[in-house]
1. From the set of residues in the stretch 62-88 that are in contact with a Phe, Trp or Tyr (Cβ under 9 Å, 6 or more places away or on another chain) and not in a loop (DSSP other than H, G, I, E, B), which is most open to solvent (accessible area, probe 1.4 Å)?
2. Looking at (1) farther than 21 Å from residue 6 by Cα; (2) at pLDDT 95 or above; (3) open to solvent by 80 Å² or more (accessible area, probe 1.4 Å), which is the one condition that is false for residue 46?
3. Any idea which of (1) touching a residue at least 60 places away in the same chain (Cβ under 8 Å); (2) surrounded by 10 or more Cβ atoms within 10 Å (Cβ to Cβ) is the one residue 102 doesn't satisfy?
4. Go through (1) open to solvent by 70 Å² or more (accessible area, probe 1.4 Å); (2) part of a strand (DSSP E or B); (3) under 22 Å from residue 2 (Cα atoms) and name the single condition residue 36 misses.
5. Go through 46, 17, 9, 64 for me and flag whichever is over 17 Å from residue 90 (Cβ atoms) and not polar (S, T, N, Q).
6. Only one residue in 26, 59 is at pLDDT 95 or above, touching a helix residue (DSSP H, G or I) at 6+ places or on another chain (Cβ under 6 Å) and open to solvent by 30 Å² or more (accessible area, probe 1.4 Å), so which one is that?
Amino acid sequence: GTVDPLTAAFAALRDVAPQEACNLKLVMFDGRRRSQVVLANPKPAADGGLTCSGEYRRLEGFSAEEMAEKSRFPFTMTYAPLADGRMRVTEIAMDTIYGKGRLTRR
């Protein structure tokens, strides 16, 4: 019932039909730790795209110190429409242990 991190990244970042955008729940296992990624709550964006809420959550296999430091990492994922009607992830923004992070597709 789990996927590896690379499969999870592909599932989250692939181009999708509009009804599939912001609709993902995966449990990952990297050989040592279990974690979960959830995408939900699509909101329309000005450019015809969508922005959704996401969360990465540490589940098992993390040290007590890691869990005490932070176990939930909320983020937003932004999709833009493609000419063929599908949606493509263009940006992910999050707060990390080290500060704010932003991934932007070029």
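The values are calculated or read from the model by the stated rules, or taken from the named source; none is laboratory data. Since the model is a prediction, treat every value here as computed from it, not as a measurement. Cβ sites come from the backbone with ideal geometry, for glycine too, and all protein chains shown count toward neighbours. For the accessible areas, the whole protein counts, side chains as well, though only heavy atoms, and no ligand, DNA or RNA atoms are used. Shrake-Rupley method; radii C 1.70, N 1.55, O 1.52, S 1.80 Å.
1. Selected residue: 72.
2. (2) is the only condition that residue 46 fails.
3. Here residue 102 clears every test but (1).
4. (1)
5. 64
6. Answer to the check: 26.
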